[in-house]
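Scroll down for the structure; my scribbles are underneath it.
The values are calculated or read from the model by the stated rules, or taken from the named source; none is laboratory data. No experiment lies behind these values; they were computed from the predicted model shown. Cβ atoms come from the backbone with ideal geometry, glycine included; neighbour counts cover every protein chain shown. Only protein heavy atoms, including side chains, enter the accessible area calculation; ligands, DNA and RNA are left aside. Shrake-Rupley method; radii C 1.70, N 1.55, O 1.52, S 1.80 Å.
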Amino acid sequence: MLILECPCCGVKGEETEFHGGGEAHIRRFGPGSSDEAFHDYLFAKENPRGVHFERWRHVNGCGKWFHVARCTQTLEVFGSYSAQTTEPPQDIKDAITAKRPGWRWREFA
Amino acid sequence: MRRYSAFAVAREAARYHEGWARAWRSPEPKTKYDVIIVGAGGHGLATAFYLGRNFGITNVAIIEKGWLGGGNTGRNTTIIRSNYLQDPSAAIYEKSRSLYETMSQDLNYNVMFSPRGVLMLAQTEHEVRGYQRTAHANALQGVETEFVGPERVKELVPIISLDGPRYPVLGGLWQARGGTGRHDAVAWGYARACSDMGMDIIQQCEVIGIRKDGGKIVGVDTTKGAIDCDKLGVVVAGHSGTLAEMAGFRLPIESVALQALVSEPIKPCMDIVVMANTVHGYLSQSDKGEMVIGGGADGYNNYTQRGSFHHIEETVRALVETFPMVSRLKMLRQWGGIVDMTGDRSPILSKTPVENVFFNCGWGTGGFKATPGSGWGFAELVAKGHSPLCEDFGLNRFREGRFVDESVAAGVAH
Ligand SMILES: Cc1cc2nc3c(=O)[nH]c(=O)nc-3n(C[C@H](O)[C@H](O)[C@H](O)COP(=O)(O)OP(=O)(O)OC[C@H]3O[C@@H](n4cnc5c(N)ncnc54)[C@H](O)[C@@H]3O)c2cc1C
Ligand SMILES: [Zn+2]
């Protein structure tokens, strides 16, 4: 069972209290970008077996969006953090490194 | 290969069954093959089989990290049907369904194909219109289906409750030639036939790297060492993302756990397959008497082969309304598989950015029914570089906006 903590209201709950919103930290490409960049933005997915960054929403709670760093293989949660950031904060990265040395996810490591 | 027959059963019965040979060899890998297939699920094995049968390519290895058929092939609820909406889907699923009809004879292996009929319930006005549309599309595609009313539904499924409080049964899409098959036997039958053609099935051997030179395939690194090949076919379902990463590109695929469960065995009570898409449940009875129940897919990427607990509750809760007798059943066991979901709910059978590397994936929650057709088309793609069956399922369809939208036909997991 997946247990998440909402960083917005501090409530901890199991997964039915939340709703998954898919891959996090996606850079949005719009008109004027290359076909390649636009295609990747829309379709190319990070689908790792291991460390993953996602958006979640506290639907049955405060209703706010936030980010989660999680292992897709073990469901271990490394931490949750604000949605108002384009990159995982250092303390989250450190928490992952402590458990999964040498991890990589897109340009983050 | 010793053929299986009634005579062989009688012969072995007369000598304590000591003469049965192993169904396939377990060789050590050679240093090089013409074609390597990664993944010995049904689709990988079927691909290898048709490479040999249809194109005479037999210097082939099928590399499997676990045991053959141990992925989604051995974990699905075995529904076989071809009542999809779009023409390219109808073509490949109907080819597949028709190959199932003669598979036991073709492979000399009883795959227990049981064309008992598949009924997809319409429980909202919207669904009624949707299935009527599908029935019309199927008529144009030459796929035999029919929209039936509630009385016929009750005739087909006596245990059903037509006027459930929330979701009354308003009709259904009936495909009399759909049904079920024995999933393991499909994998075992293909494996035996491949081995007999001289192909090497290498189990307990994980592919951990893909070697290329100037954008062209050279071979794979495995837990049993490096193996070279001229062409590589990757058929690893839920693990397609990790293999694509090894090859240096990303796919429009996300992996999630999908689960199923069976009840304790009971006396025969339902002799067709019923799918209830609105309430997200589907049901059939196995030869052993268990009610086989398909559940929902997880709402987030994962590789746990387990699935979230609450989906069991949701599925069973929904089924109890339409099949009240389900409330009296005890659950026997539950399991999960990792399914590979694309945005348009259609598969990918495609060339890739790496020359001579081909991917067959994205079958998601519904690829067991497609096993022979997928192998047939993908073998042609690998052998000749193009295949009419696979043409519309290329990776380029995303870039070009030519989706094969089956999110209605495949709205529920099956
Ligand atoms: C619960 C459930 C119910 C389903 N119900 C239905 C249904 O009723 N009808 C239907 O049509 N479909 C159904 N499906 C979908 C169906 O099971 C799949 O689409 C289909 O079986 C996929 O077959 P495959 O051969 O592509 O994949 P798999 O059988 O998963 O084979 C892939 C193989 O690749 C191997 N592999 C992975 N990574 C590596 C590596 N690095 N090196 C070597 N080998 C590797 C795996 O071990 C695995 O054996 C269901 C699926 C599930 C999980
Ligand atoms: Zn909250």
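Tabulated data for the structure shown
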item	result
Dipole of chain B, positive direction: furthest Cα of B:G52, B:G198, B:S104, with charges on the beta-carbon	B:G198
FRET efficiency, B:E146 to A:E17 (Cβ-Cβ, R0 35 Å, nearest 0.05)	0.20
Surface/4 of the Cα convex hull for the protein assembly as shown, nm²	26.5
Shape category assigned to chain A from the gyration tensor of Cα positions, a/c cut at 1.5	oblate
Point-charge dipole on Cβ atoms (K/R +1, D/E -1) for chain B, about Cα centre, debye to 20	760
Computed FRET value (nearest 0.05) for B:S286 with B:H386, which takes r as the C-beta separation and R₀ as 41 Å	0.55
Potential extension, A:A109-A:D35 segment - 0.36 nm per residue separation minus Cα distance	23.9 nm
Inter-part distance where segment B:264-342 and segment B:81-147 are each reduced to a Cα centre, Å	21
Cα gyration tensor shape of segment B:41-103, rounded if a/c is under 1.5, else prolate or oblate by comparing a/b with b/c	oblate
Antiparallel %, DSSP beta bridges [both residues in the protein assembly as shown], to 5	75
Filter on B:K212/B:K384; B:K65/B:K351; A:K64/A:K93; A:K99/B:K231; B:K154/B:K330 - keep pairs with C-alpha separation over 31 Å	A:K99/B:K231
DSSP-loop trypsin sites (Lys or Arg not before Pro) across segment B:1-103, with at most 16 other Cβ within 10 angstrom	B:R2, B:R3, B:R15, B:R22, B:R25, B:K30
Pairwise label distance in nanometres, B:E12 with A:T74, each label 7 Å out on the Cα-Cβ vector	4.4
Where labels lie 7 Å past Cα in the beta-carbon direction, separation of A:T97 and B:R333 in nm	4.4
Loop-resident sites, segment B:246-308, for chymotrypsin sites (Phe, Trp or Tyr not before Pro), counting at most 12 other Cβ within 10 Å (DSSP)	none
Within the accessible area of segment B:149-200 (1.4 Å probe), percent carbon and sulfur	51
Between 0 and 90°, nearest 10: helix A:90-99 axis offset from chain A longest Cα axis	70
Average partner coverage of B:295-308, which counts Cβ from other chains inside 10 Å	5
Protein heavy-atom accessible area occluded, A/B pair - total, 1.4 Å probe, Å²	2000
Estimated 222 nm signal from helices in chain B, with DSSP H stretches of n ≥ 4 weighted -39500 (n - 2.57), rounded to 500	-9000 deg cm²/dmol
Highest average packing first - B:118-124, B:130-136, Cβ atoms within 10 Å	B:118-124, B:130-136
For segment A:48-109, with +1 on Lys and Arg beta carbons and -1 on Asp and Glu, the positive-most of A:N60, A:G79, A:A98 along the dipole	A:N60
Selection of GluC sites (Glu not before Pro), segment A:46-109, meeting DSSP coil and at most 12 other Cβ within 10 Å	A:E107
Separation in nanometres of the label points that stand 7 Å from Cα toward Cβ, at B:R22 and B:R166	5.2
Dipole magnitude of the protein assembly as shown about its Cα centre (Cβ charges: Lys, Arg +1; Asp, Glu -1), debye to nearest 20	860
Degrees between helix B:183-196 axis and first principal axis of chain B (Cα, 0 to 90, nearest 10)	20
